[in-house]
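Below is one structure, written out as structure tokens; comments come after it.
The values are calculated or read from the model by the stated rules, or taken from the named source; none is laboratory data. Small disclaimer: the values here were computed from a predicted structure and weren't measured. Positions of Cβ are generated from backbone atoms using ideal geometry, with glycine treated the same way; all protein chains shown enter the neighbour counts.
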Amino acid sequence: MEPSPLRPHDNNADIMFDHGHSLEIITTLQTRLDDCLLGNETGKQFIPDGTLERILDENTVGRVLSELSILRDKLPDGPKNYARKICGQNPPFRKILALLLLTDIPEAIVPFVDLGIDDLALPMPDPRILLSYELSGSCDDEDAAVWNEWNSLADSQLKRSDLRNIYVRQWCLLSPRFIRRDSIPHYIFTHDYILPFLQNGFDSPGGAKLSYPLDESVRNGSFSQVRRVKIHPNHYDFGDYGISNPDHQFAVKKLWTPDYEDFAQEIEGFKRHWRSHINIVPLLATYEIRETVADEPLRSYCMIFPWATGDLRSFWEMNEELVGDIKVLPWFARECYEIARALSCIHGDTRHPTDNTDSFGRHGDIKPSNILWYPNACAKSTSDLGKLVLSDFGLADFHRATSTTSSRTSSLPRSMTYRAPEFDTTKVISQAIDIWSLGCTFLEFITWFLKGSTAARVEFPEHRMEIDIYGINADTFFTFQHHQGQINVLLKHQVVTWIEGLRNDKSCNGYPRDFLDMIQYDMLVVNCSDRRTAAEIFRKLGVLRLQCVGDVDSY
């Protein structure tokens, strides 16, 4: 259970004043603010958004100022007027007052208000630079105005040590709030910012045991690191992104590369489709952290996504009891249809009405581990097992219509198992590579439904394993055949026999049989020009889905 931002107290325990104990309210407020500090994942502490509005209301601030007026000359504008400015002005001075309380110089609120240095002026610049009066010539007018405000304060009665304490303590009040409205937001932080990612935030509400195993909190890959975080609920508002997230758990993907161009390519696909509510994992926000090490500027780039319970492989493992259950088929048909629809959008077959570009794209790395699973926590039957979405656009390529088939494979990373034959033959790729990879993935998915997780994850890969032309024992779906001095590419005989074995399964009738036919004859076609497009697969799956629902209803 999350700690309450306020300590419990009864209605008779409000802060009272005794002019003989003029510091009582100050001490009480300092204690309450200290109690509100929460630890983030790195152990740094921050005060959540919304806390100050509850603690430092106008009445309480007026009482503070009344007490302060006893310690010093009468306030020039009166306690009530100062309290109104501190709490009611936009922007207010609440964070400034809280900061001064935490640094034990609350009386300094007067010069802050008089000089107009409000919450918007935070963060305060480093006093070592501030006191040197060296304002960078590259600052824009707005930044220069803020610096001049702080310089005016430095010229007041505040000591250098006070300014230093303010600078150090301010970060606990500046934990960012992530908001997604009309676009995917991008934030720029220095290493001083305390991100609102909570410690030990992965227990289910009320300590209830989850019905599925939790994934590792950190996953390291060749190009990035993905870690699970819990964002304080007061520190994000991503709107409706199509996925239920009552536990406030998100994935933060950090790229190993410091190159902005690599980062821009990574997010391009998400930016194109973020409003479509299709089955592509939603990118909720991005941020970069800037710091200087040995006088060298460094940047790290991160993306925020909703955290998934697992990928398609882990779905197979966690739902073994549903193998062969006819009631699962409508959900199965719907999710395959939606995945094909998402790919059709990536390929440029369907676009958001506001997207007027003639650009097309490829995903480039479709495989079970790049299809994420978000369970429906409210589902009461097998008719809704959650949502499957395409993820990982790290290998995606977006380009103009005139260059949809001109890319070379020599520098393009790919998954060996699910790669299309043209990676090894023509070396020229098109959007058809995604159709092949999706066909491979669909074949393993229907294998799970008919035969179970072990068959999909172990038996089928072992069945199609053979030494390829590179001398590698490979579980790819195609092979090469030498005939009269020529090398022909074929769908592996083992794949064909596996499909025949699935067709002979007692549960393989209606939708599963039609689905297998589509995979074999429309998707796993060696000649890329003969493969169906994503739009054609999407439309065909729409027809099969309707037939599937009708078949299941007839049982």
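Structure summary
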item	result
Criterion violated by Val552 - all others in (1) of a type in the set (A, V, I, L, M, F, W, C); (2) within 18 Å of Leu438 (Cα to Cα); (3) modelled with pLDDT under 95 satisfied	(2)
All strands (runs of 3 or more DSSP E) inside the range 200-295 with 2 or more residues being modelled with pLDDT under 90	218-220, 224-230, 285-293
Some residue of the range 392-412 being part of a loop (DSSP other than H, G, I, E, B), more than 28 Å from Pro282 (Cβ to Cβ), touching a Lys or Arg at 6+ places or on another chain (Cβ under 8 Å) and at pLDDT below 50	yes
Unique match (being in contact (Cβ under 8 Å) with a residue 24 or more places away in the chain, assigned to a helix (DSSP H, G or I), in contact with a Ser or Thr (Cβ under 9 Å, 6 or more places away or on another chain) and not small (Gly, Ala, Ser)) among Ile25, Ile86, Ile109	Ile25
Qualifying positions in the range 433-444 - surrounded by 24 or more Cβ atoms within 10 Å (Cβ to Cβ) and of a type outside the set (Gly, Ala, Ser)	Ile433, Asp434, Ile435, Trp436, Leu438, Cys440
Candidate set: the range 178-194, residues that are within 14 Å of the chain's Cα centre (by Cα) and in a loop (DSSP other than H, G, I, E, B); chosen: the one nearest to Pro297 (Cα to Cα)	Pro185
Test: residue in the range 486-499 that is of a type outside the set (A, V, I, L, M), farther than 21 Å from Ile433 by Cβ and either surrounded by 15 or more Cβ atoms within 10 Å (Cβ to Cβ) or not assigned by TED's automatic domain parsing to the domain that holds Ser437 (or both)	yes
Considering residues of the range 268-295 that are among the aliphatic types (A, V, I, L, M) and touching a Leu at 6+ places or on another chain (Cβ under 6 Å) only, the residue surrounded by the most Cβ atoms within 10 Å (Cβ to Cβ)	Ile280
Failed item in (1) part of a helix (DSSP H, G or I); (2) free of Cβ contacts under 8 Å to residues at least 40 places away in the same chain, with Thr479 passing the rest	(1)
Filtered residue count, the range 426-448, keeping only those that are assigned to a helix (DSSP H, G or I) and either basic (Lys, Arg) or touching a Pro at 6+ places or on another chain (Cβ under 7 Å) (or both)	3
Test set (1) more than 42 Å from the chain's Cα centre (by Cα); (2) of a type in the set (Gly, Ala, Ser); (3) at pLDDT 90 or above - Ala83 fails condition number	(1)
Which numbered condition Asp424 fails, given (1) modelled with pLDDT under 90; (2) in contact with a helix residue (DSSP H, G or I) (Cβ under 9 Å, 6 or more places away or on another chain); (3) crowded, with 17+ Cβ neighbours inside 10 Å	(2)
Filter result for Leu122 (among the hydrophobic types (A, V, I, L, M, F, W, C), within 26 Å of Thr51 (Cβ to Cβ) and either modelled with pLDDT of 75 or more or surrounded by 14 or more Cβ atoms within 10 Å (Cβ to Cβ) (or both))	yes
Number of positions in the range 524-553 that are of a type in the set (Asp, Glu) and touching a residue at least 12 places away in the same chain (Cβ under 8 Å)	2
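Condition check ((1) closer than 19 Å to Ile339 by Cα; (2) crowded, with 16+ Cβ neighbours inside 10 Å; (3) aromatic (Phe, Trp, Tyr)) across all residues:
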| position | (1), (2), (3) |
| --- | --- |
| Asn509 | no, no, no |
| Pro512 | yes, yes, no |
| Met518 | yes, yes, no |
| Val526 | no, yes, no |
| Ser529 | no, no, no |
| Arg532 | yes, yes, no |
| Arg539 | yes, yes, no |
| Leu546 | yes, no, no |
| Gly550 | no, no, no |
